[in-house]
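A.B. asks: Mind having a look at this structure? Questions to follow.
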Amino acid sequence: MMTFNKPAHFFNKNQVRLAATLWMAAAVFCHTPANAADTKAAEKTATPTEKTATTEKTTEAAITEEFKEGVHYTRLQDNPVKPLEIVPVIEFFSYGCPHCFHLEPIVRSWQDTKATYTTFTRMPAFWNEYFELLAQGFYTAEILNITDKIHEPLFKAIHELHQNFQSRLAIKAFFIAQGVSEEQFEKTFDSFTVKQKVKMVDVQFQKYKMRGVPAFVVGGVYSTSPTQAGSAENVPKVINFLAKKLHQGN
């Protein structure tokens, strides 16, 4: 048991008063600034410029920490030796994919605000006859220079109107309804150019070892997807983050 023992010696009353006076004087001295300059220095706050710089650094650090390799994106190959002047972004998608359909407004919005050093290319991936027909439809529209008339309406026809496009005849009818002549469609849909473009997509899809859609490849170095990014809304943020890394050579 620990006990408290009374001290053998005590100060007299005069000594106590003197000690108290000295203690109060020391306390006042320690808490009073030496001069007006010290007071102003103590009250100084950051200027708007300093605050902005600090905020930008904090935001940049947060972004750097937020998106991590192996979590939000995958490295496909080593970074290029030099910074990329132009960073190509590829979206692998399919008209038959509901996730691609729901992501489309976000992709369109990103296109309108993307960095000037990025380019964007859609590639219609496929692994069955139905998706391959849709891929041919995509490149038929591209060659006829009517992508704007076909792209969104075809997405909506499949996912909102629930139309069946699992035959060449159904796709042909859709194109004709959009103002394409039967002759134009027949001449283009099965053309060598369309077939080569479709084949090229398959080569790229295999090259980057994609396993599904929607998926994005940035600069040929990184890939990401809504699942990896954490949400559909995060996809543009991750793409911009990766494109900036490659453009700056980081």
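A.B. asks: For segment 64-176, what Kirkwood radius comes out of the mean inverse Cα-Cα distance, in Å? Display every interim value, and only then the final one.
C.D. replies: Numbers: mean 1/r = 0.0618 Å⁻¹.
When all Cα pairs of segment 64-176 are included, the Kirkwood radius is 16.2 Å.
A.B. asks: Using only Cα atoms, what Kirkwood radius does segment 96-144 have, in angstroms? Please report the intermediate quantities before stating the final value.
C.D. replies: Numbers: mean 1/r = 0.0803 Å⁻¹.
Across segment 96-144, the inverse of the average 1/r is 12.5 Å.
A.B. asks: Let me ask something else. Just to be sure I follow: if Rg is taken over the C-alpha atoms of segment 94-250 and Rh is the Kirkwood radius over the same atoms, what is Rg/Rh?
C.D. replies: Details: Rg = 16.3 Å, Rh = 16.6 Å.
Rg/Rh: 0.98.
A.B. asks: Can you order the peptides 106-117, 135-146 by their average number of other Cβ atoms within 10 Å per residue, highest first?
C.D. replies: Values: 106-117: 12.8, 135-146: 20.2.
In descending order of packing, they fall as 135-146, 106-117.
A.B. asks: Taking amide H positions as placed in the peptide plane 1.01 Å from N, state which residues far from residue 118 in sequence (5 or more) or on other chains have amide H under 5 Å from it.
C.D. replies: Amide H to amide H, under 5 Å and 5 or more residues apart or across chains, residue 118 pairs with 87.
A.B. asks: What would the Debye formula give as log10 I(q)/I(0) at q = 0.11, 0.14, 0.20 Å⁻¹ for the alpha-carbon point model of segment 148-222, no solvent?
C.D. replies: With one equal scatterer per Cα and no solvent, log10 I(q)/I(0) is -0.40, -0.64, -1.05.
A.B. asks: Amide H to amide H, which residues 5 or more places from residue 73 or on other chains are under 5 Å from it, using H placed in the peptide plane?
C.D. replies: Here the answer is 68, since their amide H atoms fall under 5 Å of that of residue 73.
A.B. asks: Sticking with this structure for a sec: Considering amide H positions built from the backbone, and no H for Pro or chain starts, which residues 5 or more places from residue 222, or on another chain, come under 5 Å of its amide H?
C.D. replies: Close amide H contacts, sequence-distant or interchain: 76.
None of the figures in this text is laboratory data; all of them are computed from the coordinates on show. None of these values were measured; they are calculated from a predicted model. FYI the Cβ positions are ideal-geometry reconstructions off the backbone, even for glycines, and counts take in every protein chain you see.
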